[in-house]
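Asks: Below you will find the structure I want to go over with you.
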Amino acid sequence: MIDSGRVVPVMDPPVSSATQVRFGPFAFNSRTGELRKHGIRVRLPEQSCKVLVALLERPGELVTRDELRERLWPAGVFVDFEHGLNLAVTRLRQALGDGAERPRYVETLLRKGYRFIAGVEPVTAQPLIELAPVAPDRNFAAAASGRRHKSSGLLRWEWSLPVIAVIIGILLVWWQRASHKPALFSAVPLTSYAGPQLCPSFAPDGMRVAFSWEGEAQDNYDIYVKQIGAAAPVRLTSNPAPDIGPAWSPDGRSIAFVRLSSASTAELLLKPSLVGGEERRIAKLSAPYRGYEDLRLLAWSADGKWIVAPDCAKTGSPVGLFLISVESGEKRRLTLPSTAYDDLDPIFAPDMKRLAFVRHSGDPAGDLYFLELTGDVRPNGMPKRLTFDHRRTSSPVWTGDGSALLFSRYSMPGSHSLWKIALSNPGRPEPLPISADNAFALAISPDGNRLVYTRETNNTNIWAVELPASQPDKKAGVPKLFIASSRQESTPSFSPDGQQIAFQSSRSGWQEIWIADRDGSHSHQLTELKGSAAGFPRWSPDGKKIVFHSRQQSYAQLVLIDLASRRVSRPRYEAVDEFMPSWSHDGKRIYFASRRSGDIQVWQIPAAGGPATQLTKNGGWAPLESADGMFLFYTKPNAVGLWTMPVSGGGERQLLPDPVCAIGSAYAVGRKGIYFIQQANRRDRGMLAFLSLVTGQITALAELPRPIELGLTISPDETLLLYSQVDQVSSDLMLVENFR
């Protein structure tokens, strides 16, 4: 402004009110939400952007978690505040290249909130400078006017040169980008048979693919080999036990695979890659958890001397990766995850200096890691994390130079499923130029010229069986479709008054909790957590709350929803897997399964919060309390049967030695006994049955038309039973040619 002929700059605004600020190499515009580093834009998710705005408004001061929750989520929005806020802060730190242990920008104040600790400067336009008026020089003005008339044409040409240069520069940039634009690769079916085709593995020549398939009869998983092209697959194994996870040896002469010899044990076997020839047993393994059976289980070393396979010390304990000698079967541990994780999907780098794998947390969701190796194939330090999305990630494969990994990340239809991430840029995967959705198992030929992945179609719905009133041991009605969509519906649960049903559904693209009326109508979404899984909802005895488990980052945790206020809360906050919850009959306790002791056991916690108490000692999950509150029922991981023990403590007793329940959750407790689904194996039809706790007699109620999935519930009047059924499951192998 003008002040008696003096130059007066306009002052900078305070940091808290500045639209643009600078800290370190970053510049941030709070109006547009743009974050730039050295002038290059950095991707920042919306919720992380809101956190950054809140912190920059008060740099150096504490911003509480409650303040951030109110800012990020308006009242009435059903989200998991704790995990949602943690995820937003984590992604903000990733964008800034910051860390929680040694923060440069965002500091955590334990259980309180966060503080921005870097220096912040406002960025404004150049200072506005105005000069005091000066009397014009008439002679100078006249001379300037004359020169302007004489040179106007020249000036127009001089001004045109920069404009032309800019246009040429833009055209050059466009041409360079267009000429380097990657091709969009297309995929065609390599197999299109009935049922799922799993675990593809390329032969060294890149012309054959081994995979696991139930065959035309759909009766048992065996190992098959398919030539690229129209040739029919050749069956390699024919044992009655399921064979999964084939991996071709580097010399092409044999194929290693895993045979599920029982519910808890497996064998690592070697078979010649041509039809005929004797199998050779290399080692005994623990059977993989059901959700892991379609993942890559084995990886060969480049010299053919070693195979990496998942194994664990005992049933229910964390699964680590072991190096196994092909010659002797000797085992050597490579990874030892904590109680909340399992390590699978191993793959050696071309130079054998690294081993990549996926660290899962109780379900197929997980993240990529890699382990540095010494010359004698021993761990060289701790595993390093590459991705932080905690999605259904699987089957990493190395690029030829070992600098990056390709991997699959299962997504909703229409979303990218195949990705690439460089070791030098953790947390920043890029989608591959392949139009692939629902992909989850990836293999690449040794020359890098072909890709094969598995594309899955899975439709699971909730079915109903009507029961005779007051006669639980009489024949039931024919099963009828009850709640259905084109996605997955499972784990139904009746409300205490029997008028509503809670269940988990993926119809929104994420596994969320939904509610429907007693007749299955008026389905509506209750949660919007957008995690990798939310399931096993259970109503409190007073009908005011629902407890369930949710996986949003690295482990499952218990979540409570107050149905009146729609408030989401957590009774526990520890970093361990806690899942499959249920209530005590009086609503004072919550039972759940947890890995906090090293293996999966049943625990309990006061519903209002407090210390957890371990109840079982020999394994247990899917706990339910008896109607009188005297006994606890539960099943066990990787074991058949149903067990019971007094709620007050004491020894356990096995009630049902024979049935195989779907993930141990296909049973419900009635007033006089237990309804359960008996199933010979995971692919056969099931039988709905009733166990009388008075007489011990088992009565068959109804035959179920298809294999069952998660959950079973009985209405309070015991006239309607709901269960989840697999109505369609298929997965084809898709081939991408000329990828390199």
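Asks: Within the range 425-443, identify whether any single residue is closer than 24 Å to S212 by Cα, touching a strand residue (DSSP E or B) at 6+ places or on another chain (Cβ under 6 Å), outside any loop (DSSP other than H, G, I, E, B) and open to solvent by 20 Å² or more (accessible area, probe 1.4 Å), and answer yes or no.
Replies: No, the range 425-443 contains no residue that is closer than 24 Å to S212 by Cα, touching a strand residue (DSSP E or B) at 6+ places or on another chain (Cβ under 6 Å), outside any loop (DSSP other than H, G, I, E, B) and open to solvent by 20 Å² or more (accessible area, probe 1.4 Å).
Asks: Take the range 336-359 and flag every residue that is of a type in the set (A, V, I, L, M, F, W, C), part of a loop (DSSP other than H, G, I, E, B) and more than 18 Å from the chain's Cα centre (by Cα).
Replies: So in the range 336-359, the residues of a type in the set (A, V, I, L, M, F, W, C) come out as 336, 340, 344, 347-349, 352, 355-358.
Subsequent filtering for residues that are part of a loop (DSSP other than H, G, I, E, B) retains 336, 340, 349, 352.
Once the filter is applied, which keeps residues that are of a type in the set (A, V, I, L, M, F, W, C), part of a loop (DSSP other than H, G, I, E, B) and more than 18 Å from the chain's Cα centre (by Cα), the range 336-359 yields L336, A349, M352.
Asks: For S521, are the conditions met, namely being open to solvent by 20 Å² or more (accessible area, probe 1.4 Å), at pLDDT 90 or above, at negative phi and not in a strand (DSSP E or B)?
Replies: yes
Asks: Something else now. From the set of residues in the range 370-403 that are of a type in the set (D, E) and not in a strand (DSSP E or B), which is least open to solvent (accessible area, probe 1.4 Å)? Write out each step before concluding.
Replies: First, the residues of the range 370-403 that are of a type in the set (D, E): 372, 376, 389, 401.
Still in the list and also not in a strand (DSSP E or B): 376, 389, 401.
Numbers: D376: 82, D389: 47, D401: 117 Å².
The qualifying residue least open to solvent (accessible area, probe 1.4 Å) is D389.
Asks: Among the strands (runs of 3 or more DSSP E) contained in the range 577-631, which hold 1 or more residues that are hydroxyl-bearing (S, T, Y)?
Replies: 578-583, 589-594
Asks: If you go through the range 376-412, how many residues are out of contact with any Ser or Thr (no Cβ under 6 Å at 6 or more places or on another chain) and of a type in the set (G, A, S)?
Replies: 5
Asks: Look through L529, L563 and report the one residue that is hydrophobic (A, V, I, L, M, F, W, C), in contact with a strand residue (DSSP E or B) (Cβ under 7 Å, 6 or more places away or on another chain), at pLDDT below 95 and surrounded by fewer than 20 Cβ atoms within 10 Å (Cβ to Cβ).
Replies: L563
Asks: Name the residue that is farthest from P103 (Cα to Cα), counting only residues in the range 15-62 that are among the acidic types (D, E) and touching a strand residue (DSSP E or B) at 6+ places or on another chain (Cβ under 7 Å).
Replies: The residue in question is E34.
Asks: Restricting attention to the range 444-494, which residues are assigned to a loop (DSSP other than H, G, I, E, B) and under 23 Å from the mean Cα position of the chain (by Cα)?
Replies: Within the range 444-494, S485, S486, R487 qualify.
Asks: Say whether the condition of being under 30 Å from K480 (Cα atoms) and of a type in the set (V, I, T) is met by at least one residue in the range 431-454.
Replies: No.
Asks: Just for the range 682-740: of the residues that are closer than 21 Å to W539 by Cβ and assigned to a loop (DSSP other than H, G, I, E, B), which one is nearest to the chain's Cα centre (by Cα)?
Replies: Step one: of the range 682-740, the residues closer than 21 Å to W539 by Cβ are 709-724.
Then keep just the ones that are assigned to a loop (DSSP other than H, G, I, E, B); that gives 715-719.
Numbers: S715: 32, P716: 34, D717: 38, E718: 36, T719: 37 Å.
Ranking the qualifying residues of the range 682-740, first place goes to S715.
Asks: Mind counting the residues in the range 224-260 that are hydroxyl-bearing (S, T, Y), out of contact with any Gly (no Cβ under 8 Å at 6 or more places or on another chain) and closer than 20 Å to V326 by Cα?
Replies: Matching residues across the range 224-260 total 2.
Asks: Consider only pairs whose beta carbons are under 8 Å apart and that are at least six residues apart or on different chains; among these, list those whose first residue lies in the range 417-431 and is over 12 Å from R385 (Cα atoms) and whose second residue is outside any strand (DSSP E or B) and aliphatic (A, V, I, L, M).
Replies: S417/A436; L418/L432; L418/A436; W419/L432; K420/L432
Asks: Could you please let me know if F494 is open to solvent by less than 50 Å² (accessible area, probe 1.4 Å), touching a Gly at 6+ places or on another chain (Cβ under 7 Å), among the aromatic types (F, W, Y) and within 21 Å of A666 (Cβ to Cβ)?
Replies: no
Asks: Which ones in the range 294-329 are of a type in the set (D, E) and within 20 Å of P200 (Cβ to Cβ)? Steps first, answer last, please.
Replies: Step one: filter the range 294-329 for residues of a type in the set (D, E), giving 294, 303, 311, 327.
Answer for the range 294-329, where residues must be of a type in the set (D, E) and within 20 Å of P200 (Cβ to Cβ): just D294.
Asks: Sticking with this one: Among the listed residues A441, A469, A476, which satisfies the condition of being small (G, A, S) and modelled with pLDDT of 85 or more?
Replies: From the options A441, A469, A476, the qualifying one is A441.
Asks: Looking at the range 300-328 only, could you name the residues that are among the hydroxyl-bearing types (S, T, Y), within 25 Å of R595 (Cβ to Cβ) and open to solvent by 50 Å² or more (accessible area, probe 1.4 Å)?
Replies: T315
Asks: Continuing with this model, one more query. When the residues of the range 570-600 are filtered to those that are surrounded by fewer than 22 Cβ atoms within 10 Å (Cβ to Cβ) and without any contact (Cβ under 8 Å) to a residue 40 or more places away in the chain, which remaining residue is farthest from G535 (Cα to Cα)?
Replies: K588
Asks: Taking only the range 601-647 into account, find how many residues are open to solvent by less than 30 Å² (accessible area, probe 1.4 Å), at positive phi and polar (S, T, N, Q).
Replies: Selection size over the range 601-647: 0.
Asks: Would you check which residues across the range 202-222 are under 22 Å from V188 (Cα atoms) and part of a strand (DSSP E or B) and list them?
Replies: Scanning the range 202-222 gives F202, R208, V209, A210, F211, S212, W213.
Asks: Now for a separate question. On the given criteria, is D303 under 30 Å from the mean Cα position of the chain (by Cα) and acidic (D, E)? Write out each step before concluding.
Replies: Details: under 30 Å from the mean Cα position of the chain (by Cα): no; acidic (D, E): yes.
So D303 fails the test.
Asks: Considering only the range 582-627, how many residues are touching a His at 6+ places or on another chain (Cβ under 7 Å) and modelled with pLDDT under 95?
Replies: Of the residues in the range 582-627, the ones touching a His at 6+ places or on another chain (Cβ under 7 Å) are 625, 627.
When the remaining residues are screened for being modelled with pLDDT under 95, the result is 627.
Residues flagged as touching a His at 6+ places or on another chain (Cβ under 7 Å) and modelled with pLDDT under 95 within the range 582-627 amount to 1.
Asks: To continue, here is another question. Name the residues in the range 531-546 that are within 18 Å of S490 (Cβ to Cβ) and in a loop (DSSP other than H, G, I, E, B), would you?
Replies: G531, S532
Asks: Another question, if that's okay. Right, L406: at pLDDT 90 or above and buried (at least 20 other Cβ atoms within 10 Å of the Cβ) or not?
Replies: yes
The values are calculated or read from the model by the stated rules, or taken from the named source; none is laboratory data. Everything numeric here is computed off the predicted structure, so don't read it as measured data. Reconstructed Cβ throughout: ideal geometry from the backbone, glycine too, with neighbour counts over all protein chains shown. For the accessible areas, the whole protein counts, side chains as well, though only heavy atoms, and no ligand, DNA or RNA atoms are used. Shrake-Rupley method; radii C 1.70, N 1.55, O 1.52, S 1.80 Å.
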